[in-house]
Amino acid sequence: MGNYKKLTSGLFISFEGPDCSGKSTQVNRLAAKLKDRGYAVLETRDPGGTYIGEKIRHFVKHVGGENAVCDEAELLLFCAGRAQLISKVIQPFLNEGGIVICDRFADSTTAYQGYARGFDLNFINALHEISTCGCWPDITFLLDLEICEASSRNKTRLIQNNESDRIEEESITFHENVRKGYLKIASENPNRIKILNADEDKNILHDLIINYVDDTIRVNSSQV
Ligand code: TMP
C-alpha cells in the first residue's frame, strides 16, 4: 500500500438502508474524502466486488421470469458472494491496514431475507458465521427512510435507468418489513450501527458521517 496512511487493524465501514436511501452517494463521498486525507481506501459493494460476486449480483437483481432465482437460492447466493468478497478482498485489505467501505453487507441479508422474506433468523445467523468468517464492520451507517418516500425514489430511478430489478420491485409491505428489520437490527447493535435520517440534506449527512469516522479513527486506532 506504499505511502498511504495505515491503521493498525484496518477499519471496516458498511452502509445499509432500504433501496434508494442514498447509500451509494454517501459511500462515494466518504471514500473520496478519506482518500484525499491519504488513507488507503477500498470502496466495494455487496453483492459484488469480486468476479463471482458481480455475476451473483446480476442474477439476483436482474434475471426475472421463469429463470428467476427462488427464495432459497437467493439467500444462499447472497451469502456465497459475501464469503468470496470477505476472503478475497475485504480481509486482505484490512490486514494491510486499509479502510474498507462497503455498500451493504450481512445486515442486508438479515433485513431482506430474514425480516422480509421470512427465513429463520437463527439459520441466517449461522450462515453469517460461515460467510463472514467473523469479519464484521466496525461501523455501520443505516440510512433510514420512510418507505413511501423510498418507493417513489425507486420508481423514478427504475424508469430513468429503464431496467427492471426483482428486489426493488417487491411490494410496499416487503420494503416496510425490510425497514422494520433494519431498525430492529440497529436496536440490537447500538455500538456498531448508527442510524441516520436519509431525508436529511446530503451535505449534512456527509458531514455527520465523516465526523463519526474521524472520531472512531482517533479513539480506536493508532496510526503506524
Ligand atoms: P443495491 O446494491 O443496488 O442496493 O442492490 C442490492 C439489492 O439486493 C437490494 O435490493 C438489496 C438486496 N440484497 C438482499 O436482498 N440481500 C442481501 O444480502 C444483499 C447484500 C442485498
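What follows draws every value from the coordinates through simple rules; no lab data is involved. Because the structure is a prediction, the values reported are computed rather than measured. No Cβ is skipped: glycine too gets one built from the backbone with ideal geometry, and neighbour counts run over all protein chains shown.
Could you point to the residue in Ala116, Ser171, Ile193 farthest towards the positive end of the range 11-218's charge dipole, with +1 and -1 charges on the Cβ of Lys/Arg and Asp/Glu respectively? My answer, from the dipole projection, is Ile193.
For the range 1-124, the Stokes-Einstein estimate of translational diffusion at 4 °C and a viscosity of 1.567 mPa s comes to 84 µm²/s, using the Kirkwood hydrodynamic radius over alpha-carbon pairs. Counted by neighbouring Cβ atoms within 10 Å, the residues Phe105, Phe93 run from fewest to most as Phe93, Phe105. Only Lys, Arg, Asp and Glu carry charge here, each on its Cβ (+1 for the first two, -1 for the last two); on that basis the chain has a dipole of about 740 debye about its Cα centre. Ordering Glu176, Glu54 from the fewest to the most neighbouring beta carbons within 10 Å gives Glu54, Glu176.
Compared with the direct C-alpha span, the chain from Glu129 to Asp214 gains 27.7 nm at full extension, assuming 0.36 nm per residue.
In this structure, the amide hydrogen of Arg45, modeled 1.01 Å from its nitrogen in the peptide plane, lies closer than 5 angstrom to those of Asp103, counting only residues at least 5 positions away or on a different chain. Modelled spin labels at Glu146 and Asp71, positioned 7 Å past Cα toward Cβ, are 2.9 nm from each other. Every Cα-Cα pair of the range 1-67 was included, and the share exceeding 20 Å stands at 46 percent.
With contacts taken as Cα pairs under 8 Å and at least 6 residues apart, the range 15-116 reaches a relative contact order of 41 percent. Exposure proxy shown here: for Cys133, Cys102, Cys20, the number of other Cβ atoms within 10 Å sets the order, fewest to most, as Cys133, Cys20, Cys102. Compute log10 of I(q)/I(0) for the chain with the Debye formula, placing one identical point scatterer on every Cα and leaving out solvent, at q = 0.08 Å⁻¹, to two decimals. Evaluating at q = 0.08 Å⁻¹ gives log10 I(q)/I(0) of -0.28. Counting 0.36 nm for each residue step from Glu200 to Glu96 and taking away their Cα separation leaves a gain of 34.0 nm.
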